[in-house]
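Okay, structure first, notes after.
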Amino acid sequence: MLAVSFDQPGGPENLHWKEVPKPIPREGEVLIKVHATALNRADLLQRQGKYPPPKGVSEILGLEAAGVIDALGPRCKGQWSPGDHVMALLSGGGYAQYATVPEDHLMPVPNHMTLCIAAAIPEAWLTAYQLLHFVGRVQKGETVLIHAGASGVGTAAIQLARLAGAVPIVTAGTPEKLQMASKLGAAAGFNYKEEDFSRHVIDFTGGIGVDVILDCVGGTFWEKNVCCLGMDGRWILYGVLGAAEVHGDILGKLLAKRGNLLTSLLRSRTVEYKAQLIKSFLENAWPYFSDDKIPQLQLVIDSTFGIDKIADAHRRMEGNENIGKIVVEVASSQ
């Protein structure tokens, strides 16, 4: 089969379409013929040599995919059949014509949804759901500060917070991104490039601060995050796009707030944890993707690229140009 590869870490120009062995499903796995995948920041970091895949995982990029089940591995439980349209949470391997995945890491594609659109769901929406519910334990009436509010995870988190009865507020770097966040239900939004978002957050909360922070930025925001955090608040770090290093009295200031600093990654979680996460998501959030549900969860697709334009797709995300998910169509190359 063909897959996107890179011979050495570096820029998007190193990505190329290459013949590689077709994966064989192991016990409890299925083989998917991939129709589309979608970009995540982890893909860029892995391409740069900064985020190697977990041991035993495919080195091919791609943490999510949508397609058609091609074959079942040994001892599958019978919940899926060849020909089923599915989307998958992957630990790697999505930038390819075929991918294997544990059967419990699949979700059905609704009849009204195309495979290209479905490819934008697994990683971003499951990450946002995990951060809010499995890690942050968000409660009705709480205020949630979401950084990168127009990203894939951000646009999902806004809506999932609303669904949970919480109040989402966001930061983003352009007026267009803040407008999108507002359209999706953000109660307030602040341009971190032009204003001190911590001051506005304190004003918005009446001086109390927020209950939960979803932070993919890290070091460059730490002081403002602690300022924004309410007493006994939960600051959840799931990325360090700004910086991994912190200089200053972070522990003392966090201690004064009795703050909880939590960290989370989804890719390195166990097979069992991911299966439980997907089960919970299907029970509590999935029904709201239906046309007849209120509120209806909205997928935000920034753009769609052919797999032959994968370098351009990476450049778009690297330049922080996207609002929502960047989808990559693989089927046209099969």
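The values are calculated or read from the model by the stated rules, or taken from the named source; none is laboratory data. What you are looking at is a predicted structure, and each value in this text was computed from that prediction instead of being measured. Positions of Cβ are generated from backbone atoms using ideal geometry, with glycine treated the same way; all protein chains shown enter the neighbour counts.
Within the stretch 139-194, restricting attention to residues that are free of Cβ contacts under 8 Å to residues at least 12 places away in the same chain and assigned to a helix (DSSP H, G or I), the residue that is farthest from Cys216 (Cα to Cα) is Lys183.
Determine whether the stretch 144-160 contains at least one residue that is surrounded by 23 or more Cβ atoms within 10 Å (Cβ to Cβ) and hydroxyl-bearing (Ser, Thr, Tyr). Among the residues of the stretch 144-160, at least one is surrounded by 23 or more Cβ atoms within 10 Å (Cβ to Cβ) and hydroxyl-bearing (Ser, Thr, Tyr), which makes the answer yes.
Of all residues in the stretch 7-27, those satisfying the criterion of being hydrophobic (A, V, I, L, M, F, W, C) and over 26 Å from the mean Cα position of the chain (by Cα) are Val20, Ile24.
Hey, could you check the stretch 247-290 for residues that are assigned to a loop (DSSP other than H, G, I, E, B) and touching a Leu at 6+ places or on another chain (Cβ under 7 Å) and say which is farthest from Leu145 (Cα to Cα)? Among those residues, the one meeting the criterion is Arg267. Every test in (1) under 21 Å from the mean Cα position of the chain (by Cα); (2) without any contact (Cβ under 8 Å) to a residue 60 or more places away in the chain; (3) crowded, with 24+ Cβ neighbours inside 10 Å is passed by Phe197 save one, and that test is (1). Number of residues in the stretch 274-310 that are of a type in the set (Asp, Glu) and farther than 28 Å from Glu321 by Cβ equals 3. Which ones in the stretch 309-334 are in a helix (DSSP H, G or I) and in contact with a strand residue (DSSP E or B) (Cβ under 7 Å, 6 or more places away or on another chain)? Residues satisfying the conditions are Ile310, Asp312, Ala313, Arg316, Met317, Ala331, Ser332, Ser333. Filtered by the rule that a residue be outside any strand (DSSP E or B) and modelled with pLDDT of 85 or more, the stretch 235-246 gives Tyr238, Gly239, Val240. If you go through the stretch 227-257 and keep only what is of a type in the set (D, E, K, R) and free of Cβ contacts under 8 Å to residues at least 40 places away in the same chain, you end up with Asp232, Glu245, Asp249, Lys253.
Search the stretch 57-75 for residues being small (Gly, Ala, Ser) and either assigned to a strand (DSSP E or B) or more than 22 Å from the chain's Cα centre (by Cα) (or both), and hand back the single one that is surrounded by the fewest Cβ atoms within 10 Å (Cβ to Cβ). So, considering only residues that are small (Gly, Ala, Ser) and either assigned to a strand (DSSP E or B) or more than 22 Å from the chain's Cα centre (by Cα) (or both), the one surrounded by the fewest Cβ atoms within 10 Å (Cβ to Cβ) is Ala71. The C-beta contact set for the stretch 316-327 (first residue closer than 17 Å to Ala128 by Cα, second residue of a type in the set (Lys, Arg) and buried (at least 21 other Cβ atoms within 10 Å of the Cβ), distance under 6 angstrom, 6+ apart or interchain) comprises Ile323/Lys177. The numbered conditions (1) modelled with pLDDT of 95 or more; (2) part of a loop (DSSP other than H, G, I, E, B); (3) not aromatic (Phe, Trp, Tyr) are all true for Lys293 except (1). Of the residues making up the stretch 198-234, just one is of a type in the set (Phe, Trp, Tyr) and at pLDDT 95 or above, namely Phe204.
Among the candidates Gly78, Gly94, the residue that is crowded, with 23+ Cβ neighbours inside 10 Å and out of contact with any Cys (no Cβ under 8 Å at 6 or more places or on another chain) is uniquely Gly94.
Let's see how each residue does on (1) under 16 Å from Leu15 (Cα atoms); (2) in contact with a Phe, Trp or Tyr (Cβ under 8 Å, 6 or more places away or on another chain):
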residue	(1), (2)
Phe281	no, yes
Asp292	no, no
Val300	no, no
Phe305	yes, no
Lys309	yes, no
Glu321	no, no
Gly324	no, no
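Tallying residues that are surrounded by 24 or more Cβ atoms within 10 Å (Cβ to Cβ) and farther than 23 Å from Lys77 by Cα within the stretch 104-125 yields 7. Residue selection: Ala313 satisfies the criterion of being modelled with pLDDT of 95 or more, small (Gly, Ala, Ser) and touching a Ser or Thr at 6+ places or on another chain (Cβ under 8 Å). Buried (at least 21 other Cβ atoms within 10 Å of the Cβ) and not assigned by TED's automatic domain parsing to the domain that holds Val167: does that describe Phe221? So Phe221 fails the test.
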